[in-house]
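See structure below.
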Amino acid sequence: MTEFIGRTFVGEKIVLDGHKFSDCTFRDCMIHFGATAPTDVGTIHFEGNTILVFTRTAMETVKMLHQMYHFAQRQFVEELIAKIRAEPRGPVIRPLDEEE
């Protein structure tokens, strides 16, 4: 995993997947996240016209949550968002063992 610490990216296309970003600033960047590899973001800052684009598996997850919110499990999605907003104290969702 490549680690970026204290960097400022300007006008770049950045792929988050497989990298670690800590105390970085993204100014006028297009940031892609596909959930294809372990990724770690510490304190990061978006400035200017920076946009976050979900692709691949990440996009499918966002679409599924959108559908659940509007058509089936609104309360589940609200509770998930509340956990995301809470102080970080570990993972919001725990990975399942392969055997489960």
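Readers should treat all values here as calculations from the given coordinates under stated rules, not as data from a laboratory. None of the values given here were measured: they were computed from a predicted structure. Cβ coordinates were reconstructed from backbone atoms using ideal geometry, including for glycine residues, and neighbour counts include every protein chain displayed.
The table that follows gives values for the structure above.
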item	result
Residue count for the range 12-32, restricted to those that are of a type in the set (D, E, K, R) and under 13 Å from Ile51 (Cβ atoms)	4
Cβ pairs under 8 Å, 6+ apart, first in the range 34-58 and of a type in the set (S, T, N, Q), second surrounded by fewer than 14 Cβ atoms within 10 Å (Cβ to Cβ)	Thr36/Gly18; Thr36/Arg56; Thr36/Thr57; Thr39/Gly18; Thr43/Asp23
Looking only at the range 38-73, and only at residues there that are small (Gly, Ala, Ser) and more than 12 Å from the chain's Cα centre (by Cα), the one that is nearest to Phe21 (Cα to Cα)	Gly48
